[in-house]
Structure formats: C-alpha cells, structure tokens
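Participant: Provided herewith is a single structure, encoded as structure tokens, for subsequent inquiry.
The values are calculated or read from the model by the stated rules, or taken from the named source; none is laboratory data. Note that this is a predicted model, so its numbers are computed, not measured. Backbone-built Cβ (ideal geometry, glycine too); neighbour counts: all protein chains shown. Ligands, DNA and RNA are stripped out before the accessible areas are found, and what is left, the full protein with its side chains, is counted by its heavy atoms. Shrake-Rupley method; radii C 1.70, N 1.55, O 1.52, S 1.80 Å.
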Amino acid sequence: MATMIDSDLGALTAPIQIECPDWFSSFLAGRSHRCVDDSDRMRLVLDLTAEHLRARTGGPFGAAVFAAVDGSLISVGVNLVEGSRCSIAHAEMVAIGKAQQRVGHHDLRAAVPGGCVLVSSAEPCAMCLGALPWSGINRLVCAARDADVRAIGFDEGHKPPDWVAGYARRGIAVTRDLMRTEAVALLRAYAAEGGTIYGPASPTRPA
C-alpha cells in the first residue's frame with residue numbers, strides 16, 4: 001500500500017520515536033538490576049522476551065546491555081518494529097541506543113569502565129551485526145542461532161559465515177547457544193500463535 005507523504009516542515013524535523021511498552025517498568029521493578037553471570041543475564045532477557053510475547057507488543061526478540069565489570073543492568077530492549085513503524089527497532093538496536101543515551105556517549109567501550117556485554121535472545125541479523133562494532137560493545141552473548149530465526153520465516157539478511165571470527169579480530173568476544181532451547185521455544189510459540197513474520201518486500205517476499 002502506497003503512503004502519502006506530506007510536505008509539513010514539522011514532520012520533516014520530527015525526532016525518531018521508538019516508545020518502549022508500558023509494562024517495562026513493572027517488569028523491571030521486580031528484578032535484580034545486577035546479574036553477575038551470563039546465565040542470570042540471559043534469564044532476564046528470555047523472561048523479558050516471554051513477557052513481550054504475552055503482552056503482544058512486538059516480535060519475538062529481547063536484549064539487554066550490562067556493565068562487564070559488575071553486571072549492572074544498563075538497558076533493555078525488545079523488537080518494536082511493527083509498533084514503531086521503524087525497521088531499525090530490533091531488540092539489540094533498542095537496547096544499545098538506550099544504553100548509549102543513558103551513559104551519554106555513542107561509544108560504550110569508552111564510556112563504561114571495563115566495557116559492556118550485550119545479551120540477546122538470538123544471534124544478530126545483518127543490520128545488528130554491523131551495528132555492534134560501532135556501538136562499543138565488548139562481548140556478545142546470544143541464545144538462538146541464525147538458523148533458528150530463519151526457520152520460522154524471518155529474513156536475517158546476508159551475513160558472512162565467519163562473523164564470529166570477524167568480531168574476534170575487532171576485540172568482540174562471542175558466546176553462543178546459551179539457553180538456546182528456551183529461546184527457540186519462544187520463537188516457535190510466536191510463529192504458532194500467528195505472530196507477524198515481517199521483513200523487506202522483495203521478489204520472493206510479497207509486500
């Protein structure tokens with residue numbers, strides 16, 4: 001469907017708006033904001049993702065940024081592409097953007113002593129894969145694999161097969177498959193309940 005574009009100057013200068021769901025505050029109020037190991041961090045992320053699915057506020061992905069030194073929670077994010085009508089609103093991008101604005105710097109490595117860990121319910125898509133090095137993240141921990149996400153129909157884009165080694169060369173360590181089974185169950189539940197499988201229109205993906 002074509003969208004009419006108005007010529008209003010206010011619309012041209014308006015900020016990008018990606019609003020977090022109302023339930024974020026109550027969810028975080030009952031959680032520890034310091035997770036000292038990867039399992040605790042992933043538990044928070046998968047619980048966040050599960051709540052996101054229960055609330056039907058977006059796609060089946062969640063992420064969080066933690067301080068590497070003491071495990072302090074800096075930010076959380078979920079996939080808000082549909083609600084925000086903005087394709088960049090992937091869970092990792094939301095979490096990274098919120099973390100950067102919270103610490104007041106575009107480079108998390110420079111702003112947070114000891115650096116930051118991004119924990120995600122799934123491996124990054126092509127967009128998020130490119131964004132991580134520019135964000136200053138030191139380490140990535142992910143649950144579901146790229147293949148798991150593609151299996152329910154999402155287009156993850158073109159990614160080099162040696163992306164983990166590429167990250168290592170840039171000083172970003174990667175831990176894969178942590179709680180993968182639980183993360184895959186969330187993906188499959190989303191698909192089974194008729195969740196939208198959105199993505200770019202193409203000759204093989206109708207608009």
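Participant: Conditions first: (1) in contact (Cβ under 8 Å) with a residue 24 or more places away in the chain; (2) surrounded by 15 or more Cβ atoms within 10 Å (Cβ to Cβ); (3) over 11 Å from the mean Cα position of the chain (by Cα); (4) farther than 23 Å from Val36 by Cβ. Pro124 passes all but one, so which condition is the exception?
Facilitator: All conditions are met except number (3).
Participant: Also: Look through the range 14-40, keep the residues that are over 26 Å from Cys86 (Cβ atoms) and charged (D, E, K, R), and return whichever of them is least open to solvent (accessible area, probe 1.4 Å).
Facilitator: Asp38
A quick yes/no check of all residues on (1) in contact with a helix residue (DSSP H, G or I) (Cβ under 7 Å, 6 or more places away or on another chain); (2) of a type in the set (Lys, Arg); (3) farther than 25 Å from Gly199 by Cα:
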{"residue": "Ile18", "(1), (2), (3)": "yes, no, no"}
{"residue": "Phe27", "(1), (2), (3)": "yes, no, yes"}
{"residue": "Gly30", "(1), (2), (3)": "no, no, yes"}
{"residue": "Phe66", "(1), (2), (3)": "yes, no, yes"}
{"residue": "Ala89", "(1), (2), (3)": "yes, no, no"}
{"residue": "Val94", "(1), (2), (3)": "no, no, no"}
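Participant: Name the residue, out of Leu187, Leu118, Leu80, that is touching a Pro at 6+ places or on another chain (Cβ under 6 Å) and either within 22 Å of Phe24 (Cα to Cα) or touching a residue at least 60 places away in the same chain (Cβ under 8 Å) (or both).
Facilitator: Result of the check over Leu187, Leu118, Leu80: Leu187.
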